[in-house]
Amino acid sequence: DQQVKQNSPSLRVQEGRISILNCDYTNSMFDYFLWYKKYPAEGPTFLISISSIKDKNEDGRFTVFLNKSAKHLSLHIVPSQPGDSAVYFCAASLGGTSYGKLTFGQGTILTVHP
Amino acid sequence: NAGVTQTPKFRILKIGQSMTLQCTQDMNHNYMYWYRQDPGMGLKLIYYSVGAGITDKGEVPNGYNVSRSTTEDFPLRLELAAPSQTSVYFCASSYSKGVLHQPQHFGDGTRLSIL
């Protein structure tokens, strides 16, 4: 039973355009959501997060949107750059004392081409 | 600025052998975690620790043991290696206090093959 799903294994976007990565979850008790970026042979690095009390959080080129009724979140990257090519994981947490117990999606490989 | 350091980076084990994956962090984080990532899958939590002397099971703890004797170190022990434990293992750490929760910082992983 996969509680966090990233249904698109890969996404290819032209440099300068918008990249939209999607994530769906099934557990309505999730309280906190994060996006991580991973390059080959490296560990994931934190990108951006959002609490369930918000519906949008922005940090530079990166914006995360949360739709609680649809149990859906998305990451927008504008404009996309070749250095953004990586695997992107969404993760969810129940919050409180279980904050650190993250449930990850399978990841989406983003390729930004010239 | 080392962050989270994992050793070794690669290891091949025979079925039934044992080994310890090392993890150390120099950020004075109180929380530490172990994850495994199988091909094409997301990371799954094996064990975590909220401080020295305190550990708890994650989603996939069977076949593993952990200990946390210091704030800095969180080793993961495989006692009887099985082919199903072939994976990439990531250690992570974070700081939490009250309602303050900082994101997890990850090491670069240990790629383990069991043959």
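Below are the figures for this structure:
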read-out	value
Viscosity 1.306 mPa s, temperature 10 °C, Stokes-Einstein D of the protein assembly as shown from Kirkwood C-alpha radius, µm²/s	88
Backbone HN-Hα couplings from phi across the stretch B:92-104 [Karplus 6.51/-1.76/1.60, Hz, Gly and Pro as x]	9, 9, 7, 10, 9, 8, x, 8, 8, 10, 8, x, 6
Rounded FRET efficiency, nearest 0.05, which uses the C-beta distance separating A:K101 from A:S52 and R0 of 25 Å	0.95
Solvent-accessible area lost in complex, 30 Å² minimum, residues of the stretch B:95-115 relative to chain alone, 1.4 Å	B:H101, B:P103, B:Q104, B:F106, B:D108
From phi via Karplus (6.51, -1.76, 1.60), per-residue ³J(HN,Hα) for the stretch A:47-55 in Hz, x at Gly/Pro	10, 6, 9, 8, 8, 5, 7, 10, 10
Estimated FRET transfer efficiency when R0 is 35 angstrom, pair A:S8-B:D56 (beta carbons, to 0.05)	0.60
Neighbourhood charge, 14 Å Cβ-Cβ cut-off, centred on A:K54 and excluding it, Lys, Arg +1 and Asp, Glu -1	-2
Eligible aspartates and glutamates near A:K38 by straight Cα distance, threshold 15 Å, same-chain separation 8 or greater	A:D84, B:D38, B:D108
Phi-based couplings in Hz for the stretch A:68-74 (Karplus 6.51, -1.76, 1.60; Gly and Pro marked x)	5, 5, 8, 6, 9, 9, 9
Three-way shape call for chain B based on the alpha-carbon gyration tensor, with the a/c threshold at 1.5	prolate
Sequence-distant lysines (8 or more away, or on other chains) whose Cα lies within less than 21 Å of B:K97	A:K101, B:K57
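The values are calculated or read from the model by the stated rules, or taken from the named source; none is laboratory data. Just so it is clear, the model here is predicted, and its values are computed rather than measured. No Cβ is skipped: glycine too gets one built from the backbone with ideal geometry, and neighbour counts run over all protein chains shown. In case anyone asks, the SASA skips ligands and DNA or RNA and just uses the protein heavy atoms, side chains included. Shrake-Rupley method; radii C 1.70, N 1.55, O 1.52, S 1.80 Å.
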